[in-house]
Every structure is written in structure tokens, then in C-alpha cells.
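Here is the structure we will look at, set down as C-alpha cells.
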Amino acid sequence: MVVKLNPSKRQRRNRRRAKSREILSREKLSIRKITGATPYGYVEEHLTPFGGVLPLEKLFDALEVEEVFAEHFIAPARTPELGHWRMVKGVLALQFMETVRA
């Protein structure tokens, strides 16, 4: 009779799965539900040039977003006063600020 000392891959995988199921079942017991009585609050932080907008500019430069924009953008008949890229960059900055605020 041959005794296997090392469990097979399937046995090891089944043991790991059983452990993860056990951990998940323990975590489910400690999860609290979100109801109308759940406390909430608002953050009144504003993006300063050094706290949000300047790093966003640096990110646009590092990712070369302006070059990608110039390559793929199809300009409409009318031209905005600030130019197409600056308008799109402003919209992206506003979108970024809105997601940070939320």
C-alpha cells in the first residue's frame, strides 16, 4: 500500500476553496446593512491649484492626452473661443472635480 504524503492539486484547491468559503461566511455575519438610519456626511474640500488641478494637468501631460486628442478628434464646423482642446480639457477637469467631490 502506497501512502501519498503530498495532496494532489485538486485536493489542495478544494481545501483552499473550503477555507475561503469559511472566511466569507464569517465576514457575512459581520457585514452591516445600509438603511435610512445609516449615518452619512459631506466633505467640504475644494480643489486648489496645488491640491487637484495642477496634478491633473501633469497627468494630462504625462499621458500625452493632448496628442491623442489631436490625432483622433474630428473638429466640427464651429470653433469654440478657447479652442477645441482647451474646451475638452475643461470638461475633463470638471468631470474629475465632480467625481472627487462625490
Residue within the stretch 37-53 that is surrounded by 10 or more Cβ atoms within 10 Å (Cβ to Cβ), β-branched (V, I, T) and modelled with pLDDT of 70 or more present: yes
Output for the stretch 57-94, where each listed residue is touching a residue at least 12 places away in the same chain (Cβ under 8 Å) and basic (K, R): K89
Matching residues, the stretch 70-99, being modelled with pLDDT of 90 or more and either among the acidic types (D, E) or within 19 Å of the chain's Cα centre (by Cα) (or both): E71
Within the stretch 50-92, tally of residues that are in a helix (DSSP H, G or I) and not charged (D, E, K, R): 22
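The values are calculated or read from the model by the stated rules, or taken from the named source; none is laboratory data. These numbers come from a predicted model, not from an experiment. We place every Cβ from the backbone using ideal geometry, glycine too, and count neighbours over all the protein chains shown.
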